[in-house]
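Visitor: Dropping the structure in here first, questions after.
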Amino acid sequence: MAVLPRHLVHTSTATSIGEEPASAAAAATAPAAAGQAHVLDGRGMAAAWQEELAHDVQDVCARGGRPPGLGVVLVGSRPDSLLYVSRKREACEKVGMFVEVRQLSARVTQRQLEGAVTALCADRRIDGVLVQLPLPPHIDEEAIIEQFDPQKDVDGFHPINMGRILMRGRAARFIPCTALGVIELLQRSGVAMRGKSVVVMGDSNIVGMPLAMLFRDAGAATVTVLHRTSYRELFEDAASTERADQRAAADACLPRLPGHVAAHAAGFEAGSSRGAGGGAAAGEGQDGGGSHRFQVDYSSALRQAYSQTGAAGAVPADQQQHIQQQQQQQAGPADTPQRHHGAHSSRGQQGLPQQQSSGSPGVSELPGITRTADILVVAVGYPNLVRREWVKPGAVVIDVGINVVPRHGTEQEAQQGAAAQQQGAAAQQQQQRAAAGGEAALQRSQQQARQRPPVVNDYCTPDGASRLGGWSEQDSAAQQPWHVVGDVDFCDVAPVAAALTPVPGGVGPMTIAAVLHNTVQAARYNLGLEKQELR
Ligand SMILES: Nc1nc2c(c(=O)[nH]1)N[C@@H](CN(C=O)c1ccc(C(=O)N[C@@H](CCC(=O)O)C(=O)O)cc1)CN2
């Protein structure tokens with residue numbers, strides 16, 4: 001049997017979600033109102049986790065003589081990376097850990113960067129080291145990762161650590177933080193994984209692939225990974241403008257920055273103006289031997305980008321049309337879980353669009369696959385991609401995406417709203433067809449979902465719009481013209497799912513807490529307080 005780290009096998013005190021009827025009653029006692037999805041509050045869970053970690057830090061200090069230490073290398077001044085590094089630093093300081101951040105110029109050479117990693121790995125005060133991703137395109141990221149001492153690789157990206165996750169029965173030294181954050185969130189929420197069908201959308205090294213292995217280790221019956229080949233057409237519109245850093249960002253499930261902002265970010269220019277948007281995006285940085293002040297006006301960069309490029313990041317109408325086409329033309333089969341293989345040829349026979357010649361499913365086929373999931377994890381980097389017809393009623397939905405989009409009220413959003421309404425009507429027709437086709441169980445659960453009252457809570461307005469926040473709390477208060485959304489259309493999916501994570505406030509904060517967890521663990525190993533079981 002695979003050896004999970006201690007925190008992955010703890011018994012959750014939370015109620016069970018997504019269980020069979022016996023525990024459905026228990027689920028009803030959880031904080032959501034009847035008929036509504038449980039909102040999996042990552043922010044709250046991360047705070048609780050960090051409190052526990054603060055005790056662990058005290059324990060390491062008492063027994064090991066010093067606090068656990070984290071070293072972070074930040075290259076350039078991408079606003080999102082600045083934000084995440086600030087959050088890591090603040091969280092470390094809050095729990096009493098030692099933290100050192102080295103910011104290097106975007107023009108740093110491969111050798112300089114490797115030198116910085118080696119120096120931090122050699123620092124005796126530091127137990128864990130990470131390089132904030134993505135890196136500028138001229139840097140060979142793989143080579144940097146290989147440069148790490150695997151014992152200090154708290155991101156778990158080194159091939160030795162990744163290999164341990166891959167191999168059944170081998171103890172993982174460190175689990176990549178987002179993947180660990182997702183599993184921890186599910187466990188703390190009482191979501192059962194044993195025997196479940198899991199679909200992971202996204203095959204990145206830092207999220208999708210390790211998560212698939214962790215679900216296997218947690219006893220999932222099946223794990224289906226939707227590789228990027230199955231949804232690459234979503235990104236084809238951006239192909240002409242796509243540059244290496246944008247691809248890397250999508251890979252890391254980072255905000256898909258509008259082209260203009262990305263250009264700014266990729267240039268890694270140290271600006272001099274300060275906007276409300278970047279939050280903590282300011283501090284001291286190093287440029288080669290010297291240092292400079294780094295400040296980024298993220299909000300004005302975004303404003304400029306949107307005014308010049310339109311609403312970048314919005315769901316293109318053609319994607320919605322693909323789905324509608326499928327719903328209108330496929331009487332029934334769309335509700336029947338489709339297999340990946342072979343679906344391509346049957347689509348051809350039914351006269352459906354054949355977008356891909358590779359045999360991989362196209363976007364219009366994805367709902368048929370995602371609807372097989374008891375637990376659906378979405379890590380694609382595409383705003384509001386997953387709507388209710390992609391979700392099996394009663395499923396648990398985990399949104400890993402972070403996308404920056406214009407706030408509602410723009411013309412484009414109005415168009416999206418109209419398209420979404422049409423899509424909703426098509427979905428209803430499709431459900432009726434499914435019922436006529438004899439899929440009684442599915443129909444029953446869908447009817448139940450429809451009978452649920454609309455979700456009106458802290459997260460959604462009565463008309464189904466999201467109240468979820470902006471890039472930071474400050475921003476939503478300041479009513480910035482853009483905000484952060486996930487890959488899942490929260491308010492559309494909430495009436496159907498048993499539970500789902502919000503963005504912001506879901507997986508993101510758990511990722512930060514996971515960095516701390518891995519660093520405490522690294523300190524225990526380094527200081528000889530705990531023996532690593534590496535079979
Ligand atoms: N070296 C690494 N680089 C990157 C990783 C990683 O695990 N290691 N993951 C991401 C970025 N990331 C952590 O580094 C991260 C992303 C998002 C959040 C977060 O809290 N997001 C907020 C939304 C943003 C906001 O505050 O408005 C949320 O979801 O609530 C934290 C960490 C890529 N790079």
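The values are calculated or read from the model by the stated rules, or taken from the named source; none is laboratory data. Computed from a predicted structure; not experimentally measured. Please note: Cβ atoms are built from the backbone with ideal geometry, for glycine as well, and neighbour counts cover all protein chains shown. Note: areas computed on protein heavy atoms with side chains; ligands, DNA, RNA excluded. Shrake-Rupley method; radii C 1.70, N 1.55, O 1.52, S 1.80 Å.
Visitor: Could you list, in sequence order, the residues of region 358-378 that are part of a loop (DSSP other than H, G, I, E, B), out of contact with any strand residue (DSSP E or B) (no Cβ under 6 Å at 6 or more places or on another chain) and touching a residue at least 24 places away in the same chain (Cβ under 8 Å)?
Guide: Ser358, Ser360, Pro361, Gly362, Arg371 - these are the residues of region 358-378 that are part of a loop (DSSP other than H, G, I, E, B), out of contact with any strand residue (DSSP E or B) (no Cβ under 6 Å at 6 or more places or on another chain) and touching a residue at least 24 places away in the same chain (Cβ under 8 Å).
Visitor: How many of the residues in region 192-215 are over 19 Å from Val391 (Cβ atoms) and basic (Lys, Arg)?
Guide: 1
Visitor: Please state which of the following conditions Met162 fails to meet, knowing it meets all the rest: (1) open to solvent by less than 20 Å² (accessible area, probe 1.4 Å); (2) more than 16 Å from Ala522 (Cβ to Cβ); (3) of a type outside the set (Val, Ile, Thr).
Guide: For Met162, the exception is condition (1).
Visitor: So how many residues does region 498-526 have that are among the hydroxyl-bearing types (Ser, Thr, Tyr) and within 12 Å of the ligand (Cβ to nearest atom)?
Guide: Final tally of qualifying residues: 2.
Visitor: Within the set of pairs 6+ apart or on separate chains, which have a first residue in region 502-513 that is closer than 9 Å to Gly486 by Cβ, a second that is assigned to a helix (DSSP H, G or I) and near the ligand (Cβ under 6 Å from one of its atoms), and C-beta atoms under 8 Å apart?
Guide: Note: pairs meeting the criteria are Val507/Thr178.
Visitor: Sticking with this structure for a sec: Find the residue count for region 44-70, including only residues that are away from the ligand (no atom under 16 Å from the Cβ), within 27 Å of the chain's Cα centre (by Cα) and open to solvent by 10 Å² or more (accessible area, probe 1.4 Å).
Guide: Within region 44-70, residues that are away from the ligand (no atom under 16 Å from the Cβ), within 27 Å of the chain's Cα centre (by Cα) and open to solvent by 10 Å² or more (accessible area, probe 1.4 Å) number 4.
Visitor: If you go through region 71-124 one residue at a time, how many are out of contact with any helix residue (DSSP H, G or I) (no Cβ under 8 Å at 6 or more places or on another chain) and surrounded by fewer than 18 Cβ atoms within 10 Å (Cβ to Cβ)?
Guide: 11
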